Amino acid sequence: MRQFKATLAYDGTDFHGWQIQPDHPTVQGALKQVLETIECGPVDVQGAGRTDAGVHALGQVASFSLVNPIPEENLVKAVNRLLLKTVRVLAINSVSPDFHARYSATGKLYEYRIQRDEICSPFDGRYAYHHPYPLDEAAMIEAAAAFEGRQDFRSLAASGGDEVESTVRTIFSSTLHREREGEAERLIYRVRGDGFLYHMVRNIVGTLLDVGRGRLAAEDIPKMLARRERAAAGGTAPARGLFLVRVEYGPAADTTHTTTTP
């Protein structure tokens, strides 16, 4: 039995999130089905995080074990040949038996894209939240930094997620900037932390949008967090603008071999 770490990218538009759900297409379900075809038996697939319906990934991580002796250099090709085109395995690493995609992770980086152009290209509409209306972007940039540090983020946790013992998380960085790509103008929010609560990133973005609209000020963020009530924060930004960029692991999770797409 060999333990593997797989790094995946996917367009989440047509999936009901990462986690397997009865009668709904999910990324975990698609990957599991392919691996079980290769294994000719059951495969337990674990993900680093449960991205919501419509959320995308540039670097999601999954872990699984196989008995099949398929050479590692052929495994990426075999998986991608069977997967839907909206999901690609970017790399497969052989790891120690105790590696777990979720529990071995030490941090994650997310990115949220807000399209600012008056007209949103159909090629951008699936991957950004189109908001062409006036925003105080300078105030939003100032407010983004207020989420950094070790804090209780209960005000930004939506109901319906996994039960957690604590809503305290450490945010290593929280930044917002304007970016131009071709003809497109976007606000890019990036947040890196040791863990995130259910809908937390989308709720941060919703709160930043309230700052941009003048409903909140940057100095209100600490008071909002101190209330520890979901109603104190802004709304939930749409899923389509959110990307899981990467999952981070410490030295203890060092891999022993890497097989990547050619």
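Phi-derived couplings, Karplus 6.51 cos²θ - 1.76 cosθ + 1.60 at θ = phi - 60°, listed residue by residue for segment 149-154: x, 8, 9, 8, 9, 4 Hz, with x used for Gly and Pro. Sequence-ordered 3J(HN,Hα) estimates for segment 108-119 from the Karplus curve with 6.51, -1.76 and 1.60 and θ = phi - 60° stand at 9, 10, 10, 9, 10, 10, 10, 7, 9, 5, 5, 10 Hz, glycine and proline given as x. Sparse packing (at most 16 other Cβ atoms within 10 Å of the Cβ) combined with a DSSP loop state is found for the following GluC sites (Glu not before Pro) in segment 162-232: Glu163, Glu165, Glu183, Glu229.
Note on the chain: Cα-Cα pairs beyond 24 Å make up 50% of the total pair count.
Between amide H atoms placed 1.01 Å from N, distances below 5 Å from Arg213 occur with Asp136, all of them 5 or more places distant or on a separate chain. The chymotrypsin sites (Phe, Trp or Tyr not before Pro) of segment 18-120 meeting both criteria, a DSSP state outside H, G, I, E and B (loop) and at most 13 other C-beta atoms within 10 angstrom of the site's C-beta, are Tyr103. Dividing the helix sum by the residues of the chain, where each DSSP H run of 4 or more adds -39500 (n - 2.57), gives a mean residue ellipticity at 222 nm of -6000 deg cm²/dmol. Can you compute the charge dipole magnitude of segment 1-129 about its Cα centre, using +1 on each Lys and Arg Cβ and -1 on each Asp and Glu Cβ, nothing else charged? Give it in debye, rounded to the nearest 20. Magnitude of the dipole: close to 180 debye. Quote the FRET efficiency, to the nearest 0.05, computed for Asp98 versus Ala184 with a Förster distance R0 of 51 Å and r equal to the Cβ-Cβ distance. Here the calculated transfer efficiency is 0.70.
Roughly speaking, what % of Cα-Cα pairs in segment 2-103 are separated by over 20 Å, rounded to a whole number? Considering segment 2-103, 29 percent of its Cα-Cα pairs are separated by more than 20 Å.
Taking amide H as placed 1.01 Å from N in the peptide plane, the amide H of Ala91 sits under 5 Å from that of Thr7, each at least 5 places away or on another chain. Here segment 94-230 is treated with +1 on each Lys and Arg Cβ and -1 on each Asp and Glu Cβ, and its dipole about the Cα centre works out to around 260 debye. Each residue of segment 217-230 was assigned a 3J(HN,Hα) from its phi angle through the Karplus expression (A = 6.51, B = -1.76, C = 1.60, θ = phi - 60°), giving 10, 4, 6, 7, 4, x, 5, 4, 5, 5, 5, 6, 10, 4 Hz with x at Gly and Pro. For Ser173, the residues whose amide H sits under 5 Å from its own are Arg192, ignoring neighbours fewer than 5 places away on the same chain, with H placed 1.01 Å from N.
Bear in mind these aren't lab numbers, they're just calculated from the coordinates by the rules spelled out. For clarity, every value in this text was computed on a predicted model and none was experimentally measured. Note that each Cβ is placed from the backbone with ideal geometry, even for glycine, and that neighbours are counted across all protein chains shown.
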